[in-house]
Amino acid sequence: MEDLVGLLRIRVKRGTNLVSRDSQSSDPFVVITMGPQTLKTGRVENNCNPEWNDELTLAFNDHNQPVILEVYDKDTFTSHDKMGDAEIDVRPFLEIQAMGLQELPDGTEVKRVKPSKDNCLAEESRITFSNGKIVQDMILKLRNVQSGAVEIQIEWISVP
């Protein structure tokens with residue numbers, strides 16, 4: 001923890017149009033991985049449009065370390081079925097965070113990030129100043145699956 005730069009809080013809000021992995025639905029949960037850190041949300045039973053509203057916080061010490069989001073269907077007696085994955089591109093967010101912006105009017109848009117082949121954004125993402133903090137709302141299109149997206153919000157927490 002000597003090299004700790006800050007904490008990255010990820011609010012996993014909801015999933016939409018997730019692929020059913022069981023006979024009629026799925027019991028999805030999200031796993032966030034960055035290096036050796038792995039965190040997961042609770043599961044939502046029988047729902048391909050789940051609302052998690054879970055907050056997960058990663059200790060951040062390497063700006064080049066990818067942040068991976070994976071969605072799984074919880075299975076009781078067999079391995080969990082993967083329902084897709086996405087990489088959370090935090091670079092634009094960290095660039096804005098490094099600018100040290102403070103005391104902007106609430107709701108001020110600082111930057112827009114467009115979907116590209118280099119990110120998993122399903123639509124344009126906004127980095128804004130909200131309640132005294134820089135936050136980024138994004139909808140991630142899941143890869144390696146027919147359909148599905150996950151809505152998240154990221155926020156930086158400085159450490160003394």
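The values are calculated or read from the model by the stated rules, or taken from the named source; none is laboratory data. Fair warning: this is a prediction, and the values are worked out from it, not measured in the lab. Please note: Cβ atoms are built from the backbone with ideal geometry, for glycine as well, and neighbour counts cover all protein chains shown. Accessible surface is based on the protein model in full, side chains and every heavy atom, while ligands, DNA and RNA are left aside. Shrake-Rupley method; radii C 1.70, N 1.55, O 1.52, S 1.80 Å.
When all protein chains stay in place and ligands, DNA and RNA are ignored, the 1.4 Å accessible-area order of SER20, SER79, largest first, is SER79, SER20.
With +1 on each Lys and Arg Cβ and -1 on each Asp and Glu Cβ, how big is the dipole of region 1-106 about its Cα centre, in debye rounded to the nearest 20?
Numbers: 10 positive and 19 negative charges, 43 e Å.
Roughly 200 debye for region 1-106.
Here's how it looks for CYS48: its modeled amide H is under 5 Å from those of SER26, which are all 5 or more places away or on a different chain. Partner aspartates and glutamates whose Cα lies under 17 Å from the Cα of LYS117, excluding those fewer than 8 positions away in the same chain, are identified as ASP85, GLU87, ASP89. Taken per residue, the accessible surface of region 114-160 reaches 51 Å², heavy atoms only and a 1.4 Å probe.
Once C-alpha pairs closer than 8 Å and six or more residues apart are averaged by separation and normalised to the residue number of the chain, the relative contact order reads 27 percent. Were the residues from LEU7 through ASP62 laid out at 0.36 nm apart, the gain over their Cα-Cα distance would be 18.7 nm.
Give LYS74/LYS114; LYS13/LYS82; LYS111/LYS141; LYS40/LYS141; LYS13/LYS133 a once-over and call out the pairs whose C-alpha atoms are over 22 Å from each other. Before the final figure, lay out the partial values.
Working: LYS74/LYS114 33 Å; LYS13/LYS82 19 Å; LYS111/LYS141 20 Å; LYS40/LYS141 19 Å; LYS13/LYS133 18 Å.
From LYS74/LYS114; LYS13/LYS82; LYS111/LYS141; LYS40/LYS141; LYS13/LYS133, over 22 Å: LYS74/LYS114.
Here the Kirkwood formula puts the hydrodynamic radius of region 74-160 at 14.6 Å, using every distinct Cα pair.
Round to a whole angstrom and tell me the spacing of the C-alpha centers of region 69-115 and region 1-67. Using only Cα atoms to place each centre, the spacing works out to 9 Å.
The value for region 48-88 of Rg(Cα) / (2.2 N^0.38 Å) is 1.48. Accessible area per residue (1.4 Å probe, heavy atoms of protein chains only) ranks ILE157, ILE152 as ILE157, ILE152, with the largest value leading. Our helix-only sum for the chain, with -39,500 (n - 2.57) per DSSP H run of n ≥ 4 divided by its residues, gives a mean residue ellipticity at 222 nm of -1500 deg cm²/dmol.
Under a 1.4 Å probe, what is the accessible area of region 29-98 per residue, stated in Å²?
For region 29-98, the per-residue accessible area is 51 Å².
Given the chain, report the % of alpha carbon pairs whose separation exceeds 27 Å. Let's see the in-between values first.
On the way: 3140 of 12720 pairs.
Tail fraction, whole percent: 25.
Estimated at the nearest 10 Å², the accessible area of ARG21 is 80 Å² with a 1.4 Å probe.
Pairwise Cα distances in region 1-85 exceed 21 Å for 34 percent of all pairs.
A Förster distance of 22 Å, applied to the separation of the beta-carbon atoms of ALA98 and GLN37, puts the FRET efficiency at 0.55.
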